[in-house]
1. Just the C-alpha atoms of the chain: what Rg/Rh do they give, with Rh taken as the Kirkwood radius?
2. For a quick protection proxy, order the peptides 14-23, 59-68, 46-55 by their average other-Cβ count within 10 Å, most packed first.
3. Where the only charges are on Cβ atoms (+1 Lys, Arg; -1 Asp, Glu), what is the dipole of the chain about its Cα centre, to the nearest 20 debye?
4. What FRET efficiency comes out for the pair residue 136/residue 24, r = Cβ-Cβ distance, R0 = 30 Å, nearest 0.05?
5. Taking segment 1-105 as the region of interest, what is the percent of Cα-Cα pairs per 5 angstrom bin, listed from the shortest bin to the one with the maximum distance?
6. If packing is taken as the average number of other Cβ atoms within 10 Å across a peptide's residues, how do 107-118, 181-192, 87-98 rank, most packed first?
7. Per the Kirkwood formula on distinct C-alpha pairs, the Rh of segment 58-189 is how many angstrom?
8. Please report the net charge: other residues with Cβ closer than 15 Å to the Cβ of residue 172, K and R +1, D and E -1.
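The values are calculated or read from the model by the stated rules, or taken from the named source; none is laboratory data. Remember, predicted model here, so these are calculated numbers, not experimental data. Here the Cβ is made from the backbone with ideal geometry for all residues, glycine too, and neighbour counts use every protein chain on show. What goes into the accessible areas is simple: the full protein's heavy atoms, side chains included, and nothing from ligands, DNA or RNA. Shrake-Rupley method; radii C 1.70, N 1.55, O 1.52, S 1.80 Å.
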Amino acid sequence: MNPAGVLVSCRAASRTYGAGPTAVVAVHGASCEIRTGEHIAITGPSGSGKSTLLHLLAGLERPTSGRVAWPGLAKGVPGPSAVGVVFQGPSLIPALDVAENTSLPLVLAGQPEPSARRRALDCLALVDAAHLADKLPEELSGGQAQRVAVARVLAAAPRLILADEPTGQLDRVTGRRVIDVLLATADALGAGLVVATHDPRVARRLSRQWSMHDGRLRPGPAVPGRRTQPSVARGAGP
(Lines give C-alpha, C1' and ligand atoms only; values in the text may rest on other atoms or scores of the structure.)
Protein backbone atom coordinates (compact mmCIF):
# COMPACT_ATOMS: atom_id res chain seq x y z
CA MET A 1 0.00 0.00 0.00
CA ASN A 2 1.24 3.49 -0.82
CA PRO A 3 0.90 5.80 2.20
CA ALA A 4 -0.36 9.31 1.41
CA GLY A 5 0.60 9.20 -2.26
CA VAL A 6 4.34 8.73 -1.69
CA LEU A 7 6.11 8.51 -5.05
CA VAL A 8 9.63 7.92 -3.76
CA SER A 9 11.02 7.34 -0.30
CA CYS A 10 14.62 7.47 0.98
CA ARG A 11 15.53 5.87 4.29
CA ALA A 12 19.01 6.72 5.60
CA ALA A 13 20.31 6.59 2.03
CA SER A 14 24.02 7.27 1.56
CA ARG A 15 26.20 7.28 -1.54
CA THR A 16 29.96 6.89 -1.33
CA TYR A 17 32.41 6.99 -4.23
CA GLY A 18 35.68 5.13 -3.88
CA ALA A 19 36.99 3.30 -0.84
CA GLY A 20 39.46 3.71 1.98
CA PRO A 21 41.07 7.05 2.83
CA THR A 22 40.21 8.52 -0.60
CA ALA A 23 36.49 7.70 -0.35
CA VAL A 24 34.10 10.60 -0.89
CA VAL A 25 30.66 10.50 0.74
CA ALA A 26 28.38 12.50 -1.58
CA VAL A 27 25.17 11.88 0.39
CA HIS A 28 25.07 11.15 4.13
CA GLY A 29 22.07 9.19 5.43
CA ALA A 30 19.33 11.18 3.69
CA SER A 31 15.73 10.39 4.60
CA CYS A 32 12.88 11.99 2.70
CA GLU A 33 9.58 11.39 0.94
CA ILE A 34 8.27 13.00 -2.24
CA ARG A 35 4.50 12.89 -2.58
CA THR A 36 2.13 13.37 -5.48
CA GLY A 37 1.71 17.05 -6.31
CA GLU A 38 4.55 18.36 -4.16
CA HIS A 39 6.87 21.09 -5.42
CA ILE A 40 10.26 20.98 -3.69
CA ALA A 41 13.42 23.03 -4.17
CA ILE A 42 16.76 21.66 -3.01
CA THR A 43 19.38 24.36 -2.51
CA GLY A 44 23.03 24.22 -1.58
CA PRO A 45 26.49 25.03 -2.91
CA SER A 46 28.24 23.11 -5.68
CA GLY A 47 29.50 19.78 -4.40
CA SER A 48 26.93 19.59 -1.62
CA GLY A 49 25.33 16.41 -3.00
CA LYS A 50 22.24 17.77 -4.74
CA SER A 51 22.87 16.02 -8.06
CA THR A 52 23.73 12.73 -6.39
CA LEU A 53 20.53 12.87 -4.35
CA LEU A 54 18.49 13.44 -7.52
CA HIS A 55 20.20 10.45 -9.13
CA LEU A 56 19.27 8.31 -6.13
CA LEU A 57 15.65 9.53 -6.30
CA ALA A 58 15.58 8.70 -10.03
CA GLY A 59 17.03 5.22 -9.54
CA LEU A 60 20.02 6.11 -11.71
CA GLU A 61 22.38 5.28 -8.86
CA ARG A 62 22.01 2.83 -5.99
CA PRO A 63 22.67 3.87 -2.41
CA THR A 64 25.81 2.51 -0.82
CA SER A 65 23.77 2.06 2.34
CA GLY A 66 20.16 2.69 3.27
CA ARG A 67 17.19 2.28 0.96
CA VAL A 68 15.33 4.06 -1.83
CA ALA A 69 11.86 2.82 -2.86
CA TRP A 70 9.16 3.99 -5.27
CA PRO A 71 5.83 2.89 -3.73
CA GLY A 72 3.80 5.26 -5.91
CA LEU A 73 5.11 3.97 -9.25
CA ALA A 74 3.85 0.99 -11.22
CA LYS A 75 5.49 -2.16 -9.84
CA GLY A 76 7.65 0.10 -7.68
CA VAL A 77 10.15 0.56 -10.52
CA PRO A 78 11.39 3.93 -11.84
CA GLY A 79 11.57 4.38 -15.60
CA PRO A 80 11.51 7.21 -18.16
CA SER A 81 7.70 7.14 -18.39
CA ALA A 82 7.40 7.40 -14.60
CA VAL A 83 10.42 9.50 -13.59
CA GLY A 84 11.69 12.31 -15.81
CA VAL A 85 15.13 13.79 -15.22
CA VAL A 86 16.40 17.13 -16.55
CA PHE A 87 20.16 16.68 -16.27
CA GLN A 88 22.55 19.50 -15.50
CA GLY A 89 25.00 18.49 -18.24
CA PRO A 90 24.50 17.63 -21.92
CA SER A 91 22.01 14.80 -22.37
CA LEU A 92 20.81 15.00 -25.98
CA ILE A 93 21.73 12.26 -28.47
CA PRO A 94 24.07 13.86 -31.06
CA ALA A 95 22.77 11.87 -34.06
CA LEU A 96 19.12 12.84 -33.53
CA ASP A 97 17.59 16.23 -34.26
CA VAL A 98 15.71 18.16 -31.58
CA ALA A 99 12.27 16.75 -32.45
CA GLU A 100 13.65 13.20 -32.51
CA ASN A 101 15.41 13.69 -29.17
CA THR A 102 12.21 15.02 -27.62
CA SER A 103 10.00 12.25 -28.98
CA LEU A 104 12.44 9.41 -28.29
CA PRO A 105 11.01 8.37 -24.86
CA LEU A 106 7.55 8.12 -26.42
CA VAL A 107 8.77 6.06 -29.38
CA LEU A 108 10.65 3.72 -27.04
CA ALA A 109 7.44 3.33 -25.04
CA GLY A 110 5.65 2.14 -28.19
CA GLN A 111 3.87 5.31 -29.34
CA PRO A 112 3.64 5.69 -33.14
CA GLU A 113 6.22 8.12 -34.50
CA PRO A 114 3.72 10.63 -36.00
CA SER A 115 1.84 11.11 -32.72
CA ALA A 116 5.10 11.10 -30.75
CA ARG A 117 6.41 13.89 -32.99
CA ARG A 118 3.23 15.95 -32.53
CA ARG A 119 3.54 15.61 -28.78
CA ALA A 120 7.23 16.56 -28.98
CA LEU A 121 6.49 19.69 -31.02
CA ASP A 122 3.78 20.73 -28.53
CA CYS A 123 6.22 20.38 -25.64
CA LEU A 124 8.98 22.21 -27.51
CA ALA A 125 6.53 25.07 -28.07
CA LEU A 126 5.92 25.27 -24.31
CA VAL A 127 9.58 26.13 -23.75
CA ASP A 128 9.84 28.38 -26.84
CA ALA A 129 11.95 25.85 -28.74
CA ALA A 130 9.64 24.65 -31.54
CA HIS A 131 11.74 26.57 -34.08
CA LEU A 132 14.69 24.33 -33.18
CA ALA A 133 12.90 21.08 -34.12
CA ASP A 134 15.09 20.24 -37.12
CA LYS A 135 18.43 21.24 -35.60
CA LEU A 136 21.05 18.82 -34.30
CA PRO A 137 22.35 19.16 -30.73
CA GLU A 138 25.72 20.46 -32.01
CA GLU A 139 23.87 23.45 -33.51
CA LEU A 140 22.34 24.47 -30.18
CA SER A 141 23.61 26.79 -27.50
CA GLY A 142 23.82 25.44 -23.96
CA GLY A 143 20.61 27.23 -23.00
CA GLN A 144 18.75 25.93 -26.04
CA ALA A 145 19.85 22.36 -25.30
CA GLN A 146 18.63 22.73 -21.72
CA ARG A 147 15.18 23.85 -22.90
CA VAL A 148 15.01 20.85 -25.23
CA ALA A 149 15.94 18.57 -22.33
CA VAL A 150 13.03 20.02 -20.34
CA ALA A 151 10.65 19.46 -23.27
CA ARG A 152 11.77 15.83 -23.57
CA VAL A 153 10.89 15.17 -19.94
CA LEU A 154 7.52 16.91 -20.26
CA ALA A 155 6.65 14.89 -23.38
CA ALA A 156 6.77 11.65 -21.40
CA ALA A 157 4.28 13.00 -18.79
CA PRO A 158 6.06 11.36 -15.83
CA ARG A 159 4.70 10.95 -12.30
CA LEU A 160 7.88 12.48 -10.84
CA ILE A 161 9.96 15.28 -12.39
CA LEU A 162 13.53 15.83 -11.17
CA ALA A 163 15.33 18.88 -12.56
CA ASP A 164 19.00 19.56 -11.86
CA GLU A 165 19.76 23.29 -12.26
CA PRO A 166 17.25 23.62 -15.14
CA THR A 167 17.80 27.40 -15.36
CA GLY A 168 21.57 27.37 -14.90
CA GLN A 169 22.35 28.26 -18.54
CA LEU A 170 19.29 30.41 -19.19
CA ASP A 171 18.75 34.15 -19.00
CA ARG A 172 16.38 35.39 -16.31
CA VAL A 173 13.30 35.70 -18.54
CA THR A 174 13.74 32.31 -20.19
CA GLY A 175 14.54 30.70 -16.86
CA ARG A 176 11.33 32.04 -15.39
CA ARG A 177 9.43 30.68 -18.37
CA VAL A 178 10.95 27.20 -17.89
CA ILE A 179 10.01 27.16 -14.20
CA ASP A 180 6.48 28.32 -15.13
CA VAL A 181 6.21 25.36 -17.52
CA LEU A 182 7.59 22.85 -15.00
CA LEU A 183 5.17 24.03 -12.31
CA ALA A 184 2.17 24.09 -14.66
CA THR A 185 2.98 20.66 -16.09
CA ALA A 186 3.50 19.14 -12.65
CA ASP A 187 0.13 20.55 -11.58
CA ALA A 188 -1.62 19.29 -14.72
CA LEU A 189 -0.16 15.79 -14.28
CA GLY A 190 -0.47 15.74 -10.50
CA ALA A 191 3.25 14.93 -10.57
CA GLY A 192 5.83 15.51 -7.90
CA LEU A 193 8.45 18.11 -8.82
CA VAL A 194 11.93 18.45 -7.33
CA VAL A 195 14.27 21.19 -8.55
CA ALA A 196 17.91 21.44 -7.48
CA THR A 197 19.02 25.06 -7.84
CA HIS A 198 21.56 27.65 -6.78
CA ASP A 199 19.11 30.45 -7.56
CA PRO A 200 17.08 31.69 -4.56
CA ARG A 201 14.53 33.23 -6.96
CA VAL A 202 13.86 29.79 -8.42
CA ALA A 203 13.71 28.16 -4.98
CA ARG A 204 11.11 30.67 -3.82
CA ARG A 205 8.80 29.60 -6.65
CA LEU A 206 8.35 26.15 -5.11
CA SER A 207 6.21 25.35 -2.12
CA ARG A 208 8.91 23.69 -0.01
CA GLN A 209 12.61 24.35 0.34
CA TRP A 210 15.15 21.79 1.46
CA SER A 211 18.89 22.34 1.59
CA MET A 212 22.04 20.25 1.34
CA HIS A 213 25.41 20.96 2.94
CA ASP A 214 28.34 18.54 2.90
CA GLY A 215 26.03 15.79 1.66
CA ARG A 216 23.48 16.20 4.45
CA LEU A 217 19.85 16.88 3.60
CA ARG A 218 18.00 19.44 5.72
CA PRO A 219 14.29 20.34 5.62
CA GLY A 220 13.04 23.88 5.31
CA PRO A 221 9.74 25.68 5.78
CA ALA A 222 6.96 25.86 3.22
CA VAL A 223 6.99 29.03 1.14
CA PRO A 224 3.96 31.21 1.99
CA GLY A 225 1.53 31.75 -0.84
CA ARG A 226 2.03 28.46 -2.66
CA ARG A 227 -0.01 25.29 -2.25
CA THR A 228 1.81 22.64 -0.28
CA GLN A 229 1.23 19.19 1.11
CA PRO A 230 2.72 17.40 4.13
CA SER A 231 6.36 16.51 3.56
CA VAL A 232 9.29 15.13 5.48
CA ALA A 233 13.03 15.38 5.05
CA ARG A 234 15.63 14.35 7.56
CA GLY A 235 19.37 14.23 7.49
CA ALA A 236 21.55 11.97 9.53
CA GLY A 237 23.38 13.51 12.44
CA PRO A 238 22.97 16.92 14.08
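1. 0.96
2. Values: 14-23: 11.3, 59-68: 15.8, 46-55: 21.3.
Final packing ranking: 46-55, 59-68, 14-23.
3. Details: 26 positive and 18 negative charges, 192 e Å.
With Lys and Arg at +1 and Asp and Glu at -1, about 920 debye.
4. 0.25
5. Cα pair-distance distribution for segment 1-105, in percent: 2, 11, 19, 20, 18, 13, 10, 5, 1, 0.
6. By packing density, highest mean first, the sequence is 181-192, 87-98, 107-118.
7. For segment 58-189, inverting the mean 1/r across all distinct Cα pairs yields 15.1 Å.
8. Numbers: positive: 147, 176, 177, 201, 204, 205; negative: 128, 165, 171, 180, 199.
Computed value for this residue: +1.
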